[in-house]
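Here's the structure we're looking at; comments come further down.
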Amino acid sequence: MIEKTYCQDIKPELDGKRVKLAGWVYSNMRVGKKIFLWIRDSTGIIQTVIAKNVVGEDVFETAKKLGRESSVIVEGIVKADERAPGGAEVHVEKLKVIQAVSEFPIPENPEQASPELLLDYRHLHIRSPKVSAIMRVKETLIMAAREWLLREGWHEVFPPILVTGAVEGGATLFKLKYFDKVAYLSQSAQLYLEAAIFGLEKVWSLTPSFRAEKSRTRRHLTEFWHLELEAAWMDLWDIMKVEEELVSYMVQRTLELRKKEIEMFRDDLTTLKNTEPPFPRISYDEAIEILQSKGVKIEWGDDMGADEERVLTQEFDRPFFVYGYPKHIKAFYMKEDPNDPRKVLAADMLAPEGYGEIIGGSEREDNYDKLVQRIKEEGMDPKDYEWYLDLRKYGSVPHSGFGLGVERLVAWVLKLDHIRWATLFPRTPARIYP
Ligand SMILES: NC(=O)C[C@H]([NH3+])C(=O)NS(=O)(=O)OC[C@H]1O[C@@H](n2cnc3c(N)ncnc32)[C@H](O)[C@@H]1O
Ligand SMILES: [Mg+2]
């Protein structure tokens, strides 16, 4: 690799030092016999000054024509100058053009481009400082999760993505030909994590999950990153505590390490700073009452979609739980509430500011017969879940778990207007290219 200095390290203290920069042209402005060439690398942007009387006619003419995103290597002397970004600039003595670009397809201000154009050129747009900032926040949230999980004694496992059954309903399965059999892309690693708890007790995985969601909403992808935990001996209230401690750690740690990037997207950090346990907890019944009191047309037993959740989140200035959903709107594996057979021991975590559900979790049905009955009630064949049912035959234990949608969390933390901006190459019903 070439010996280079990164943009972030060009400081006034290096005044007079010879440095080499390697990066891409961010902007190119000529004033008389000088060119102000801003160069971008992965750490930031620095101003370089190319003077005709220093580099000569030919290099100056070449430099004049360099369009945005031309790849270059420059060598020169650092000059402290408070007018330059970062208080220093580089006066160029040598310019090597790796590849000159005349016309970069994305406008200098991407906000002027349509979302469709930015998505068509996603492979070029992801190099922009703003998209790079989103990816740094995302990686930091996951790094923080790993820190917490390691500290708290959770074991990472690596479940399959090629599976044979639905977890969250057959309507959103991606089916594929698996030699002479049928297989699906995993909707959730949950059932495999449930198998893993009999050895490791507290397990987690980070996998892509796939949903053939036809709904084109601001919070659905057809492929998303799914952080899932499962624990033996925990009930719903235990796992909700795990959720709020994990999410709080992730958010606070990311605020600590990526405040600059977060402030590129949101001015008000209040809800993030408020993200500390314990989170408020309301029942589904209370949620319905709140919505009805705000004029939302909803009855007990109805599911809450993005619109209803958006209204509900107006009541809170931090993430909060809704627990005790009606059984018929929830998944087959959820344990019935012993105090109310109409309900299940499930809880969603909703993010404030209109973002809604970021986590779905529940206590699992650990009784063999009841689980068989629930599978049948949902119109599925217990034979397809024989291995999963075995877990209720050989030392079954109370257990709970949840799944956090990583892009949903990123979208809330950065107040993105659509979940697609939270992933490197978004997959939606309308888009699978590039
Ligand atoms: N281990 C578990 O208990 C997880 C459980 N089997 C599960 O998949 N629950 S979930 O369907 O609510 O999805 C969990 C979360 O996964 C996210 N999710 C769920 N579906 C999507 C789509 N389509 N796009 C983006 N994000 C999605 C969202 O944050 C949900 O709260
Ligand atoms: Mg859910």
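The values are calculated or read from the model by the stated rules, or taken from the named source; none is laboratory data. Bear in mind the structure is a predicted one, so any value in this text is a computation, not a measurement. Cβ sites come from the backbone with ideal geometry, for glycine too, and all protein chains shown count toward neighbours.
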Scanning segment 398-434 residue by residue, those within 11 Å of ligand 1 (Cβ to nearest atom) and of a type in the set (F, W, Y) turn out to be F402, W412
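Would you confirm whether any residue within segment 223-231 is over 18 Å from G405 (Cβ atoms), of a type outside the set (F, W, Y) and in contact (Cβ under 8 Å) with a residue 12 or more places away in the chain? Can you show your working first?
Here is the first cut: in segment 223-231, the ones over 18 Å from G405 (Cβ atoms) are 231.
Keeping just the survivors that are of a type outside the set (F, W, Y) gives 231.
If we keep only those that are in contact (Cβ under 8 Å) with a residue 12 or more places away in the chain as well, we get 231.
Yes, there is a match, as at least one residue in segment 223-231 is over 18 Å from G405 (Cβ atoms), of a type outside the set (F, W, Y) and in contact (Cβ under 8 Å) with a residue 12 or more places away in the chain.
Which one of I358, I329, I375 is at pLDDT 95 or above, out of contact with any Leu (no Cβ under 7 Å at 6 or more places or on another chain) and within 16 Å of ligand 2 (Cβ to nearest atom)?
On the way: I358 fails: out of contact with any Leu (no Cβ under 7 Å at 6 or more places or on another chain); I375 fails: within 16 Å of ligand 2 (Cβ to nearest atom).
After applying the criteria, what remains is I329.
Within segment 53-70, is even one residue in a strand (DSSP E or B), surrounded by 15 or more Cβ atoms within 10 Å (Cβ to Cβ) and not aromatic (F, W, Y)? Working first, answer last.
Applying the first criterion (in a strand (DSSP E or B)) to segment 53-70 yields none.
Checking segment 53-70: not a single residue is in a strand (DSSP E or B), surrounded by 15 or more Cβ atoms within 10 Å (Cβ to Cβ) and not aromatic (F, W, Y).
Report yes if E156 is over 25 Å from I432 (Cβ atoms) and either of a type outside the set (G, A, S) or buried (at least 20 other Cβ atoms within 10 Å of the Cβ) (or both), otherwise no.
yes
Could we say that I39 is surrounded by fewer than 14 Cβ atoms within 10 Å (Cβ to Cβ) and in a strand (DSSP E or B) here? Walk me through it before giving the result.
Numbers: surrounded by fewer than 14 Cβ atoms within 10 Å (Cβ to Cβ): no; in a strand (DSSP E or B): yes.
So I39 does not fit the description; no.
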Restricting attention to segment 172-183, and to residues there that are under 25 Å from the mean Cα position of the chain (by Cα) and over 16 Å from D384 (Cα atoms), which single residue is farthest from ligand 2 (Cβ to nearest atom)?
F174
Could you grab me the full set of residues in segment 232-257 that are of a type in the set (G, A, S) and out of contact with any strand residue (DSSP E or B) (no Cβ under 6 Å at 6 or more places or on another chain)?
S248
Residues (over 13 Å from L404 (Cβ atoms), more than 16 Å from ligand 2 (Cβ to nearest atom) and in contact with a strand residue (DSSP E or B) (Cβ under 7 Å, 6 or more places away or on another chain)) located in segment 199-215:
L200, E201, K202, V203, P208
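Check whether at least one residue in segment 330-346 is among the hydrophobic types (A, V, I, L, M, F, W, C) and under 24 Å from T270 (Cα atoms), and report yes or no.
No: segment 330-346 contains no residue that is among the hydrophobic types (A, V, I, L, M, F, W, C) and under 24 Å from T270 (Cα atoms).
Out of Y323, Y355, report the one residue that is within 21 Å of V167 (Cβ to Cβ) and touching a residue at least 12 places away in the same chain (Cβ under 8 Å). Outline the logic, then answer.
Working: Y355 fails: within 21 Å of V167 (Cβ to Cβ).
Of Y323, Y355, the one residue that is within 21 Å of V167 (Cβ to Cβ) and touching a residue at least 12 places away in the same chain (Cβ under 8 Å) is Y323.
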Search result, residues across segment 343-370 that are away from ligand 1 (no atom under 12 Å from the Cβ) and out of contact with any strand residue (DSSP E or B) (no Cβ under 6 Å at 6 or more places or on another chain)
P352, E353, G354, E365, D366, N367, Y368, D369, K370
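Among the residues of segment 241-256, is there at least one that is touching a His at 6+ places or on another chain (Cβ under 7 Å) and either within 16 Å of ligand 2 (Cβ to nearest atom) or at positive phi (or both)? Even if it seems obvious, please write down each step before you answer.
Initial filter on segment 241-256 (touching a His at 6+ places or on another chain (Cβ under 7 Å)): none.
Within segment 241-256, not a single residue is touching a His at 6+ places or on another chain (Cβ under 7 Å) and either within 16 Å of ligand 2 (Cβ to nearest atom) or at positive phi (or both).
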Return yes when I329 is within 12 Å of ligand 1 (Cβ to nearest atom) and among the β-branched types (V, I, T) and no when it is not.
yes
For the structure I just gave you, tell me whether T254 is in a loop (DSSP other than H, G, I, E, B) and polar (S, T, N, Q).
no
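If you take the residues of segment 71-120 that are polar (S, T, N, Q) and assigned to a loop (DSSP other than H, G, I, E, B), which of them is farthest from E61 (Cα to Cα)?
Step one: of segment 71-120, the residues polar (S, T, N, Q) are 71, 99, 102, 109, 112, 114.
Adding the requirement that they be assigned to a loop (DSSP other than H, G, I, E, B) leaves 102, 109, 114.
Numbers: S102: 14, N109: 26, S114: 34 Å.
The qualifying residue farthest from E61 (Cα to Cα) is S114.
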Return the residues of segment 358-378 that are touching a residue at least 40 places away in the same chain (Cβ under 8 Å) and either assigned to a helix (DSSP H, G or I) or not hydroxyl-bearing (S, T, Y) (or both); say none if nothing qualifies.
I358, I359, G360, G361, E363, R364, R374, I375, E377, E378
Inspect segment 140-153 for any residue being in a loop (DSSP other than H, G, I, E, B), over 17 Å from the mean Cα position of the chain (by Cα) and within 16 Å of ligand 1 (Cβ to nearest atom) and give the result as yes or no.
no
Exclusive hit being surrounded by fewer than 21 Cβ atoms within 10 Å (Cβ to Cβ) and closer than 24 Å to R219 by Cα, set G301, G379, G361
G301
